[in-house]
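These notes concern the structure reproduced below.
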Amino acid sequence: MRLYLTEGNPHCLKVVAAVELTGSRCELQFVGVEERVVPFLAHSKLPCLQLDNGNYLFSTNAICQYLFTLRGKEPSDLTNQWLEWEGTELQTALSGALYMAVVQGKREEAAGALQKKCAYIDQSLMKRSCPFLAADAITVADIVLWGALYPLLSDSTFLPGDLKALRSWFERVCAVAACRKAVESILKGKGLQALKPYLQKQPAPSQRAETPASNEPEGGESADRVLTEEEIGAAAESWSKGLSAWPKPKPIEHPVLPQPNEKNVLITSALPYVNNVPHLGNIIGCVLSADVFARFCRLRNWTTLFVCGTDEYGTATETKALEEGLSPQQICDKYHAVHAHIYQWFGISFDHFGRTTTQRQTEISQDIFRRLLDRDFLLQDTVEQLRCESCQKFLADRFVEGTCPFCNYEEARGDQCDKCGKLINATELKSPQCKICKGTPVVKSSKHLFLDLPKLEARLVKWLEDSMVSGNWTPNARFIARSWIRDGLKPRCITRDLKWGIPVPLEEFKDKVFYVWFDAPIGYLSITANYTDQWERWWKNPEQVQLYNFMAKDNVPFHSVVFPCSLLGAEDNYTLVNHLIATEYLNYEDGKFSKSRGVGVFGDMAKETGIPADIWRFYLLFIRPEGQDSSFSWSDLLLKNNSELLNNLGNFINRAGMFVCKFFEGRVPEMELNDDDKRLLAQATWELRQYLQLLEKVRIRDALKCILNISRHGNQYIQANEPWKRIKGTDADRQRAGTVTGVAVNMACLLSIMLQPYMPSVSASIQEQLLAPPQCNVLTEEFVCILPSGHQIGAVSPLFQKLETDQIESWRKRFGGQQPDEGSANQSKTEAKPAAETKAAVAEDAGKDADPQRAKQLAEEVTKQGEVVRELKAQKAEKAVIGAAVTKLLELKKQLVLAEGKTPEAPAQKGKKKK
Amino acid sequence: MSDKVVLELLSLEKSLGLKKTNKYSTQGDKQVPVLQTNNGPNLIGLTTIAAHLVQEAQQKQLLGNTAEEKAIVQQWLEYRVTQIDGHRGKDETRTVLKDLNQYLEDKVYLAGDDFTLADILVYYGLHPIMTELAVQEKEKYVNVSRWFNHIQHYPGIRQHLPPVVVLKNRLYTSVH
């Protein structure tokens, strides 16, 4: 083995001493201070040991221990403890001390920085009354600590005189021959100054100590901030102004319309597709996020309109209708009601929740279409399209499945592959198959219209750059939009050979409808038009309106590229998106939500758990996939509910109210603020401002943490001041108890306002308990005394309930899959399902004989037998042999079809295997 | 924070199949865990206590089989408490991920072919970092992600921690 060393590096003292002491045979090689020896480390790390098999040890202490282990001296708990302490505690202090002593020449400060650590060693030695740290004989612990301390302690005046045990231990180790040798070879008789070249290359310790060691997101659990006197003074002054200086909440009168010279915010959340029940991921991705923001905007007194609705046209509805034996309109009516009900339960504050199958939608879509046509932004082309002769129809998008031409995923849909996510032209699918009759379609040509995206590209790029600079686009939205532009835009087909859609208003296209993605975003406009006749004041008013689109990231291309192109090309002064807010995906426990497997919590089931909607809202917002994917986890839900809501927020608000009731007959007491109180006000004000800034940037999850920080400060404040004790004390004590209670209950009131976007019902209960004046429901940058002394509060009761582990476990089981399913196998837009799921769902739908386990096994056999047949054919085997193999294959396929619960008459498919 | 390190030790006890649970507290502003023993002095420090628990559970192989493996395990345990826990800000986190990614390029586990205590503790230590990592970064540190995903699915290891999703198919190679 070979030991790489560098002169003047204090760590090298340890390893050389260990080599000498254990008598290890190893080659010593001196290299430059910054030489990189360990191939996998980005920075130089010395000393390091190259083992005979080529591996590297780069940890000084591990090298020392290794040399001892080779001599049969295994580590003990005690040596381990010393080595760990040296690495984590001593080194932190030591690097600072060495730097001060050697580079800055501040010997006294260095001694001060090391004082505590030295005292710790001294005490440990005295307690054990051993000559060495871990035993009666020298161990690796002595070598490591000695080496670390040698540079400073070798100057006998460095240590304060009273640490005698440490002093004599140090001298004992110094006397060991191995250690003397190590000093000689590393420090070369130059003492402390030998370390200078090495230390100068290290970062200055003051900078290191002050940067926080935290990977919490911004606005996370902030440590106590240093508040300036100015801030504290300003906070106290605002407080004393009370509600008189507070703006009044603006009453909401429908229809809400943009006002000149005001901030007008138009909020949309991606229209959920009507054919399925939304799961928690869909809910947090769009409607819930948009709702928090809409509520926030209203609290800021901005003119706010929040619209959404179900997206109802398209092939998915038609296939769903076929499945359920209803007409497309019936399917839409049924699921629109399901959606509306779920969102209502979650407390989503839409100004209007509409739908896309309306007369307005047809009018506006056709108008935009005509404008595009007049301005020559539409192209006509014949398209090779798949047509199923037996069903007598062209097979658009989801009516056809086959093998993905890019990744060979076997159940790619006609418009997109769920596995690789690429968009596909149905004709590119390998071995396509009609979804209805399973027959093989033929390629026929059909005339279609295309939106000429290349012609609009220059306009789009200009607008996009402006919007991204001035607006608030999430990083994923920027990234996806830019990559679309970078890859070059191609004309996009906007018509389809279908019935369930908006008719194309041209004679020669009378059998065709608009592709759902052409008209779906127009839904935002038509839904607003169904809300108010003056919809154009919102949608053709880019000067006065700020438009926020909320969605999951898969919807970004259509909102950032395709739809803006339609609107830009239509040239009618449309309001285009200013702020595109896209979330990442929410996963469920270990995997994805899956309706067909019954995995995950869906909108309608959340209610059945008995957990209040606000708890769901809180948890979903707490884990909002902001910046990265996140997962829903039952045990985490329990943890967050019990720790954050119950013990932190709920506890604080409840205590504040209880003190008012119990000690002051329900009246807010007199408050005489001292410096501590003012400091607390300033702290709360700071968090409040953080909260406002974060929410303005739609960093919903981060802003939530500010609320929790305020109640954390509040709890500490109550704990430190102990009003329940002081109330029994002297007059001054009672006065103090009153002030603390009064400040706390006002903080509870502030929290109720800040909480409103997140937990509207809880917010309302707090205000009800505190009898808070309704006009307090405005957010400004200031924290004022809302409940003045003498204010009568109502009855106080706990806000949250503890969740128990067994409850949580039973839900986890219940929603963990394999539960009976009503047979809805269709996919929601945001989930990409692996093949097995869809298959299993088909099996469930089709028959009672279905046996997924058996089917899986058979599928594997079919695959194997298929290979056998191919192999035989390739080898040009005898016909009879091939024939027998083929018969066996066909038989297996037949069994497979049965096991999948399909009717055996369905034509057997070519080489179809299962994942 | 204090809860975090104690939770980690309790989870480790479960992973090791230890029946009786020990009593833990923490000390100092860095919340260093302390194991209170009935006989003998307290043990201080995460890796010290963890190694002690492994011995107690008679699973010495988790500390490494050969002298070399033992040293490598110890090295990564130290790395966990000094580099991963002690990292200061984004840049150092990135260095940690970069180094680990490079190191794990040709390895299944930190000690090579054998699963050890180092995998468990580094996994716990990286968990908060991995949770905060964007999909794109997870793909960048592909070896770390692979290793991490492997460990979190190793029977009985994840315990109290929520799973971190690691996508197997790359999202950002060529976005359409």
In the structure shown, of B:Lys4/B:Lys60; A:Lys241/A:Lys697; B:Lys60/B:Lys140; A:Lys248/A:Lys697; A:Lys45/B:Lys60, the pairs separated by more than 27 angstrom at the C-alpha atoms are A:Lys241/A:Lys697; B:Lys60/B:Lys140; A:Lys45/B:Lys60
Charge dipole of chain A built from unit charges on the beta carbon (Lys, Arg +1; Asp, Glu -1), centred at mean Cα; most positive-end Cα among A:Ala18, A:Ala458, A:Ala744 is A:Ala18
Here the relative contact order (percent) of chain A, from C-alpha pairs under 8 Å and at least 6 apart, is 12 percent
Shielding of A:93-100 by other chains, given as the mean Cβ count within 10 Å, works out to 0
Loop-resident GluC sites (Glu not before Pro) in segment A:537-612 with no more than 11 other Cβ atoms inside 10 Å, DSSP not H/G/I/E/B, are A:Glu543
For the table A:Lys438/A:Lys893; A:Lys438/A:Lys592; A:Lys334/A:Lys512, the rows whose alpha-carbon distance is greater than 22 Å are A:Lys438/A:Lys592; A:Lys334/A:Lys512
Heavy-atom accessible area with a 1.4 angstrom probe orders A:Arg617, A:Arg128, most exposed first, as A:Arg128, A:Arg617
Sparse-neighbourhood loop hits (trypsin sites (Lys or Arg not before Pro), segment A:711-772; DSSP loop; Cβ within 10 Å at most 14 others) -> A:Lys728
With every protein chain in place, the accessible area of A:Glu253 for a 1.4 Å probe, in Å² rounded to the nearest 10, comes to 130 Å²
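Please compute the contact order of segment A:515-640 in relative form: average sequence separation of alpha-carbon pairs under 8 Å and at least six residues apart, divided by the residue count, as a percent.
23 percent
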Rounded to the nearest 10 Å², the 1.4 Å probe accessible area of A:Leu94 is 0 Å²
Net charge (Lys, Arg +1; Asp, Glu -1) of residues whose beta-carbon lies under 10 Å from that of A:Asp52, A:Asp52 excluded, is 0
Averaged per residue, the 1.4 Å probe accessible area of the protein assembly as shown, protein heavy atoms only, in Å², is roughly 42 Å²
Segment B:102-168 and segment A:727-798 have their Cα centres apart by a whole-number Å value of 46 Å
Dividing the mean separation of Cα pairs under 8 Å (6+ apart) by the residue count of chain B yields a relative contact order in percent of 19 percent
Full extension between A:Val443 and A:Glu871 adds, at 0.36 nm per residue less the Cα distance, a length in nm of 151.0 nm
Expected field for A:Ser470, accessible surface area in Å² at 1.4 Å probe radius, rounded to 10, holds 90 Å²
antiparallel share of DSSP beta bridges within the protein assembly as shown, to nearest 5, in %, is 60 percent
Note to self: C-alpha centroids of segment A:389-418 and segment A:63-127 sit apart, in Å, by 67 Å
If each K or R counts +1 and each D or E counts -1, the residues other than A:Gly23 whose Cβ falls under 13 Å of its Cβ total +3
Long-range amide H partners of A:Gly354, meaning residues 5 or more apart or on another chain whose placed amide H is closer than 5 Å, are A:Cys308, A:Gly309, A:Thr310
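Hey, with R₀ at 22 Å, roughly what FRET efficiency would B:His160 and A:Glu809 work out to, going by the Cβ-Cβ distance, to 0.05?
0.95
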Helix-only [θ] at 222 nm, chain A, -39500 (n - 2.57) per DSSP H run of 4+, per residue, nearest 500, equals -14500 deg cm²/dmol
Rounded to the nearest 0.05, FRET efficiency between A:Glu543 and A:Arg482 (Cβ-Cβ, R0 30 Å) equals 0.70
Cα-based Debye curve of the protein assembly as shown sampled at q = 0.05, 0.08, 0.09 Å⁻¹ gives log₁₀ I(q)/I(0) of -0.43, -1.01, -1.17
For chain A, longest principal axis from Cα atoms; helix A:805-814 axis from its Cα atoms; angle between them, nearest 10 degrees, is 30 degrees
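Determine the shape class of segment A:617-740: with a ≥ b ≥ c the square roots of the Cα gyration tensor eigenvalues, call it rounded for a/c under 1.5, and otherwise prolate if a/b is greater than b/c, oblate otherwise.
prolate
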Pseudo-spin-label distance A:Gln735 to A:Asp533, built 7 Å along Cα→Cβ, given in nm, is 6.6 nm
Loop-resident trypsin sites (Lys or Arg not before Pro) in segment B:1-94 with no more than 10 other Cβ atoms inside 10 Å, DSSP not H/G/I/E/B, are B:Lys19, B:Lys20
For chain B, the longest principal axis of the Cα atoms and the Cα long axis of helix B:117-132 enclose an angle in degrees, to the nearest 10, of 50 degrees
Computed for segment A:388-450: size of charge dipole around the Cα centre, +1 on C-beta of each Lys and Arg, -1 on C-beta of each Asp and Glu, debye to nearest 20, value 160 debye
If one compares the long axis through the Cα atoms of helix A:651-664 with the longest principal axis of the Cα atoms of chain A, the angle in degrees, nearest 10, works out at 70 degrees
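The values are calculated or read from the model by the stated rules, or taken from the named source; none is laboratory data. Note that the coordinates shown come from a computational prediction; the quantities given were computed from them, not determined experimentally. Cβ: placed from backbone, ideal geometry, glycine included. Neighbour counts: every protein chain shown. Each accessible area value is taken on the protein alone, full model and side chains, heavy atoms only, with ligands, DNA and RNA left out. Shrake-Rupley method; radii C 1.70, N 1.55, O 1.52, S 1.80 Å.
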